[in-house]
Amino acid sequence: MGEFLWGVASSSYQIEGDRASRAEANWDKFAERKGAIFAGHDALFASHHVARLEEDLDLLAALGVSAYRFSFSWPRLGARVDDPRGVSFYERLVDGLLARGIEPVATLFHWDAPVELERLGGFLSPESPAWFASYAERVARRFGDRIRRFLTINEPHAYIEGGLRDGRHAPGHRLPLSQVLLAAHNTLKAHGLAVQVLRAHVSQSWVSAAPVLLAATPASPSPEDVEAAYRFTFSLPTDRLRVSAFWLDPLYGRGYPDEVWTRFGSLMPKVSPEEVDLISQPLDAVGVNLYDAVRVRAGAEGAAEIVPFGVGSPRTSFDWPVTPEAHYFGPKFLHQRYGLPVIITENGLSASDWIALDGRVHDADRVDFLERHLQELERAQAEGVPILGYFHWTFLDNFEWNHGYKHRFGLVYVDFGTGARTPKDSFFAYRDRIRAERSK
Ligand code: IFM
């Protein structure tokens, strides 16, 4: 229970491939739209993970992780009833992890939804929380004897806002904000019901979720700047849903923040006190995907002002700023606000990696990135912030949604044509770090 979870994370649609043996997913349909995915890429083979499961399990063992975060594909398990092909695949995965001493940490929903349910409205349907609960129950009954750690939903803002408002993710709608907010609320209710189901069917269950933390960090150590960063982290500066408090506050018992009501007003669906309670089922930790931060200082009357990063400051190939201090302030702020231990369910970077003449992948940027972020987590831990684990995103280079295969996030390089794997330098650096930490 007390051991730090050293992990890597992945998601079903991004790596599995093997399209032929599962039901149609929202992203399959979306990928058929002209111009929806970079260069017309699709995930028919993705990272060939189903085909190469044994090899991947051996790579995870060689990496030495104590935990592996993966997601169940709802379309592979079957929209409403179990598909034996999907069940048998995940049994091989879970049993293979356990045989290698790796703890499975399973996400229920990482954006791949069955088309059969999307046609009925997906998370816009009032029935969607019940669909999700019954899917969660199938997972719990089949796998709850071997998996005790679950994450319900991954980055709901990306699915809801990206998929229903901006049209850049599946299912590719551009709906009015009131509809988007309704789907968001249904997603949170689905989470609440799923937690209840997992608690009922999994002994010693450990449950959390994986929204994004869009952290703010202070431009200076002054208490005013730190306070401004805290407040900015949990504010809604615009009407966009890629903000932390919209999701985290209701999940962790604070209800929707006041700013949600002042900003969205009558566009919000009716929210009853019973729904607020349903959404805030007790969780075991605050799980967050933590990639980067904005930097702020206290301006006039303490209001946060964004301080731009300097010209030439480090950025990933996705153009995300490199902000390791987010891993110090982010967990601190989360613990301060919600009073629970924190777990980093994703962190990583996209880079332009290739196989060098010596046959290896020298991703010095990722090696450095990883170490810097781990050191900041350790700084927070040293100051008493309980941090339960760190999951690097990601294990294998994969299908990066609407960006196709343009960006590589993996510790393992994948040749997307053949599926051949080449562990990168970062794989070995992380392996050595984990080895040293686990032998302490
Ligand atoms: O690849 C995604 C993942 O699916 C969700 N979190 C962010 C990653 C990088 O964009």
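The values are calculated or read from the model by the stated rules, or taken from the named source; none is laboratory data. Quick caveat, the model's predicted, so the values are computed rather than measured. Glycine gets a Cβ as well: all are built from the backbone with ideal geometry, and neighbour counts include every protein chain shown. Each accessible area value is taken on the protein alone, full model and side chains, heavy atoms only, with ligands, DNA and RNA left out. Shrake-Rupley method; radii C 1.70, N 1.55, O 1.52, S 1.80 Å.
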For the range 300-324, give me the residue count where each residue is β-branched (Val, Ile, Thr) and within 20 Å of the chain's Cα centre (by Cα).
3
Candidates Arg168, Arg146, Arg174, filtered to the one that is within 16 Å of the ligand (Cβ to nearest atom) and assigned to a loop (DSSP other than H, G, I, E, B)
Arg168
With the requirement that a residue be more than 17 Å from Leu349 (Cβ to Cβ), basic (Lys, Arg) and crowded, with 18+ Cβ neighbours inside 10 Å, what does the range 407-440 give you?
Arg421
Inside the range 401-433, the number of residues satisfying the requirement of being within 16 Å of the ligand (Cβ to nearest atom) and touching a Phe, Trp or Tyr at 6+ places or on another chain (Cβ under 7 Å) is 11
Looking only at helices (runs of 4 or more DSSP H) that lie completely in the range 229-287, which have at least 2 residues being touching a Phe, Trp or Tyr at 6+ places or on another chain (Cβ under 8 Å) and either of a type in the set (Lys, Arg) or open to solvent by less than 10 Å² (accessible area, probe 1.4 Å) (or both)?
244-251
Please work out which residue is surrounded by the most Cβ atoms within 10 Å (Cβ to Cβ), limiting yourself to the range 296-326 and to residues that are in a strand (DSSP E or B) and not small (Gly, Ala, Ser).
Val296
Condition first: without any contact (Cβ under 8 Å) to a residue 60 or more places away in the chain, more than 16 Å from the ligand (Cβ to nearest atom) and surrounded by 17 or more Cβ atoms within 10 Å (Cβ to Cβ). Can you find one or more residues in the range 336-357 that meet it?
yes
Out of all the residues in the range 118-130, is one or more open to solvent by 10 Å² or more (accessible area, probe 1.4 Å) and within 16 Å of the ligand (Cβ to nearest atom)?
no
(1) of a type in the set (A, V, I, L, M, F, W, C); (2) in a loop (DSSP other than H, G, I, E, B); (3) touching a helix residue (DSSP H, G or I) at 6+ places or on another chain (Cβ under 7 Å) all hold for Phe329 apart from (2)
Here is a list of conditions, (1) part of a helix (DSSP H, G or I); (2) surrounded by 20 or more Cβ atoms within 10 Å (Cβ to Cβ), and Ile153 meets all of them except one; can you say which number that is?
(1)
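Okay, residues lined up against (1) farther than 28 Å from Trp6 by Cβ; (2) crowded, with 24+ Cβ neighbours inside 10 Å:
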residue: Leu44; (1), (2): yes, no
residue: His48; (1), (2): no, no
residue: Glu54; (1), (2): no, no
residue: Leu60; (1), (2): no, no
residue: Tyr68; (1), (2): no, yes
residue: Arg80; (1), (2): yes, no
residue: Val87; (1), (2): yes, no
residue: Gly96; (1), (2): no, no
